[in-house]
Amino acid sequence: MNHIPNAPVKPDYLHFDPATRHVRIDPHQPEFVQNPYTAYAWLHNNARVFFWEDYGFWCFAGYDDINKLFRDRRFGREEPGGYRANAINREHLKDFDGVERHSMLEIEPPVHTRLRTLVNRAFVSRQVERLRPRIEKLANELIDGFEHQGHVDLMPAFATPIPVVVIAEMLGVPTDNAPQLLDWSHRMVNMYMHNATREVEDSANQAAKEFSDYLRDYAAQRRKNPGDDLLSLLLAAEENGAKLSEDELITTCILLLNAGHEATVNQTGNAVKSILQSGLDHRTLFATPESTAATVEESLRFDAPLHMFTRYAYNETEIVEGVTLKAGEQLGLLLGSGNHDYLAFEQPDRFWPERPDQKNVSFGAGIHFCIGAPLARLEMQVSLATLFKRLPNIRFAEPPLYGDTYHFHGMQSLKLEW
């Protein structure tokens, strides 16, 4: 039986109108950026469903609501009427929208089912497990490169290269181009930030065009000379006689490259921070495959890399008593908040890998459950275990700093020494 915690103090930056359930939290507010969990704790006790004025839609803060809504087919990711069907003034985002409209993240069955079935074969656990030696070798090579220095910013030197190199190698894209792939990815992902500027939009559109052109050229080469890489497999794959279209192929590769590293980079940094701050003995945390897996799962729960996931209502739907969404309206699922819900977790603010109630919504649920979850878990299990084994005296050199990138949640820098 989980205990109701002492009533949390409302942060000064959080404004709440109990009559309307409206909340104002500037997602760029520095205190919120560095520690959103204080606000989440107050919301759990006072406004588990609320209208976030800064975003303009209703949000859910509790674990059970989030878990159920992920599976509720009255809601989905595909915008009613089609991708950005009602949008205006988006001609400058033509190339970005051309990529996004074919994304598995933005569509529903039956198209989603066809795309996911074609891609899923490469990401089942037995296929992913074959990458373990490669990931361990890469982690050791990266540590070899900075161990002698006695200090490092872990984000660019270790957390970032592993997932981008792994997904590039899976696709068959030259890893020498990893810096360019990262640049395109970061510029596109910036579009998901709160109140993206015109400068961000223009940059994202240009990145989408360049990224697409690059992959089209590479796909043309693979058609002539196929290999055993994922890009070649996607070119050849069929499901009930249906293949990926050219646009679907390009979008899928971009999605795998973007999603295949963005969350894992953030989660790796978040996990190292959580472990170091916990004071737990990392020799115990990574002593066995079982304890390593448990440590990674608790890292995913304790400080998730994605804190908001949105969905559309497909019909007029009452989400809670007195609150009805019209068809086409959005709602927000606050994953980081759900993972700290005291109704779902005993001592939710404690980093506790052995917890008996281990679960999380960090990878989502339902048909949009993260297709790369097995790969992300493996990358973190191998890289974290290798890091703490190689550098047993690792510690903070400076206070860790999160980036101002809500709803993505990750370190701007993580400077360590040993």
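Please go through the range 395-406 and give me each residue that is crowded, with 19+ Cβ neighbours inside 10 Å and touching a strand residue (DSSP E or B) at 6+ places or on another chain (Cβ under 9 Å), ordered by number. Talk me through it step by step, then tell me what you get.
Initially, the range 395-406 is screened for residues crowded, with 19+ Cβ neighbours inside 10 Å, giving 400, 402, 405-406.
Residues satisfying the conditions are PRO400, TYR402, THR405.
Please state which of the following conditions ASP229 fails to meet, knowing it meets all the rest: (1) among the charged types (D, E, K, R); (2) out of contact with any Gly (no Cβ under 9 Å at 6 or more places or on another chain); (3) open to solvent by less than 60 Å² (accessible area, probe 1.4 Å).
(2)
Filter the range 70-108 down to residues that are open to solvent by 50 Å² or more (accessible area, probe 1.4 Å) and at positive phi and give me whichever is modelled with the lowest pLDDT.
ARG84
Do you know which residues across the range 342-394 are in a loop (DSSP other than H, G, I, E, B), crowded, with 20+ Cβ neighbours inside 10 Å and among the β-branched types (Val, Ile, Thr)?
VAL361, ILE371
Failed condition for THR197, given (1) within 18 Å of the chain's Cα centre (by Cα); (2) among the hydroxyl-bearing types (Ser, Thr, Tyr); (3) farther than 22 Å from ALA122 by Cα, with all others met?
All conditions pass for THR197, except number (1).
Answer with yes or no whether TRP58 is touching a strand residue (DSSP E or B) at 6+ places or on another chain (Cβ under 7 Å) and of a type outside the set (S, T, N, Q).
Details: touching a strand residue (DSSP E or B) at 6+ places or on another chain (Cβ under 7 Å): yes; of a type outside the set (S, T, N, Q): yes.
Against the criterion (touching a strand residue (DSSP E or B) at 6+ places or on another chain (Cβ under 7 Å) and of a type outside the set (S, T, N, Q)), TRP58 qualifies.
Could you list, in sequence order, the residues of the range 370-409 that are modelled with pLDDT under 95, under 23 Å from ILE135 (Cβ atoms) and out of contact with any Ser or Thr (no Cβ under 7 Å at 6 or more places or on another chain)?
Scanning the range 370-409 gives CYS370, ILE371, GLY372, ALA373, LEU375, PHE408.
Take the range 110-123 and flag every residue that is open to solvent by 60 Å² or more (accessible area, probe 1.4 Å) and not in a helix (DSSP H, G or I).
PRO110, ARG121
Can you report the number of residues in the range 183-193 which are modelled with pLDDT of 90 or more and in contact with a helix residue (DSSP H, G or I) (Cβ under 6 Å, 6 or more places away or on another chain)?
Number of matching residues: 4.
Considering only the range 148-163, state which residues are out of contact with any helix residue (DSSP H, G or I) (no Cβ under 7 Å at 6 or more places or on another chain) and either farther than 11 Å from SER413 by Cα or hydroxyl-bearing (Ser, Thr, Tyr) (or both).
Initially, the range 148-163 is screened for residues out of contact with any helix residue (DSSP H, G or I) (no Cβ under 7 Å at 6 or more places or on another chain), giving 148-151, 153, 156.
Matches in the range 148-163: HIS148, GLN149, GLY150, HIS151.
The values are calculated or read from the model by the stated rules, or taken from the named source; none is laboratory data. Please read these numbers as outputs of a predicted model, since none were measured by experiment. In this analysis, Cβ positions are derived from the backbone assuming ideal geometry, glycine residues included, and neighbour counts consider all displayed protein chains. Remember, those area values only see protein heavy atoms, side chains included, never the ligands or the DNA or RNA. Shrake-Rupley method; radii C 1.70, N 1.55, O 1.52, S 1.80 Å.
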